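A quick write-up on the structure given underneath.
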Amino acid sequence: MRLRFVPAIVIVGVCALAASAEPPNLKLPDGVTPESLADIKEAARVADLLEKHCPQPQSEGVRMFVAILRGSDLGGNDGWFGPAQSRYTWTWLTGRCGLDAKAKAIPSDKFPGPAALFDTLDRDGDDRITPSDLDWSDRNPYVMQANMLHRLFRRIDGNGDGQLTRDELDALFKRLAGDKDHFTADDLRGAMIPRGASSPTDKPSIPVLVRGLFAGEIGSISEGPRVDETAPAFTLRTVDGKGSLSPLNGRNRKPLVLIFGSFT
């Protein structure tokens, strides 16, 4: 059985990796405690040690630890929160369409699938699929605009039912305009970003995040298989509790999808 998408997670210590199948232990250097890492200089020193002594290429766990120590906001590209891995890359898609991997776009007449699928992949609706259409990272302009509009919609949607009614829009106008017959960009900004709203400075402290890392609260300490690697052997109890499922023992003849994820 092969995995099609697996966010691999690994935690390493500082930073002697044992040549065994057991996951390495996560540990701080001697004399260092999570509390002492509240000192930015001390946190930077430990981050330097990790980057110097851990083998290259660094595991996701090392990158996560370093990102925490350097005060990262832990966005979509830091630590193990990096871009997802997939076998279905731009090279794969252009190959399926009979195009060279260096092609900058896939026109509709070269797409072998149904028109509805093409329209779904053609995110910006310009009648061609480009790498940008497939980029869902936080740095993509479309994603940034979509996220901004989604947050705006949620603030206007007073009852949270996912629908905006005329009454809700009228109430918003009255709230923004007050006694005026119009509202300005400053009025809108003040209502959508109220004073005291959360800012990057409100994030958890480095000691809190380090303790969470050790406790497994922000990720698993065990490294999972990567894309196209064979899944590890496992046994699961069936829903009815009357049997078990072990897909790697040859008895299971049906496709099985494994989802490795974190749900909070």
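Here is how the numbers come out for the structure above:
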| item | result |
| --- | --- |
| Under 19 Å from the Cα of Lys52 - lysines, other chains or at least 8 residues apart | Lys27, Lys41 |
| Label point 7 Å beyond Cα of Asp126 along Cβ direction - residues of segment 85-104 with amide nitrogen under 18 Å | 90, 94, 102-104 |
| Extension gain from His53 to Trp136, taking 0.36 nm per residue of separation minus the Cα-Cα distance | 26.5 nm |
| Volume in Å³ per residue [convex hull over Cα atoms, computed for segment 90-130] | 59 |
| Where labels lie 7 Å past Cα in the beta-carbon direction, separation of Lys203 and His182 in nm | 4.0 |
| Spatially proximal aspartates and glutamates relative to Lys174 (Cα-Cα < 20 Å; intrachain offsets below 8 disregarded) | Asp157, Asp186, Asp187 |
| Amide proton proximity set for Ile129, modelled H, under 5 Å, gap of 5+ | Ile106 |
| Relative contact order (percent, whole number), segment 141-192, Cα cutoff 8 Å, 6+ residue spacing | 24 |
| Backbone HN-Hα couplings from phi across segment 58-69 [Karplus 6.51/-1.76/1.60, Hz, Gly and Pro as x] | 5, 6, 4, x, 5, 4, 5, 4, 4, 4, 4, 5 |
| Estimated FRET transfer efficiency (Ser86, Asp170; beta-carbon r; R0 35 Å; 0.05) | 0.20 |
| Ordering of 46-52, 102-108, 60-66, 204-210 by packing [mean C-beta count within 10 Å, highest first] | 60-66, 204-210, 46-52, 102-108 |
| Gain on full stretching of the segment that runs from Leu117 to Lys242 - 0.36 nm per residue minus C-alpha separation | 41.0 nm |
| Contact order relative to length of segment 90-130, as percent, for alpha carbon pairs under 8 angstrom and 6 or more apart | 33 |
| Extension gain from Gln163 to Ala101, taking 0.36 nm per residue of separation minus the Cα-Cα distance | 18.1 nm |
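Every number in this text was worked out from the coordinates using simple rules, so none of it is lab data. Not measured: the values here are computed from a predicted model. Neighbour counts are summed over all protein chains in view; Cβ atoms, including those assigned to glycine, are modelled from backbone coordinates with ideal geometry.
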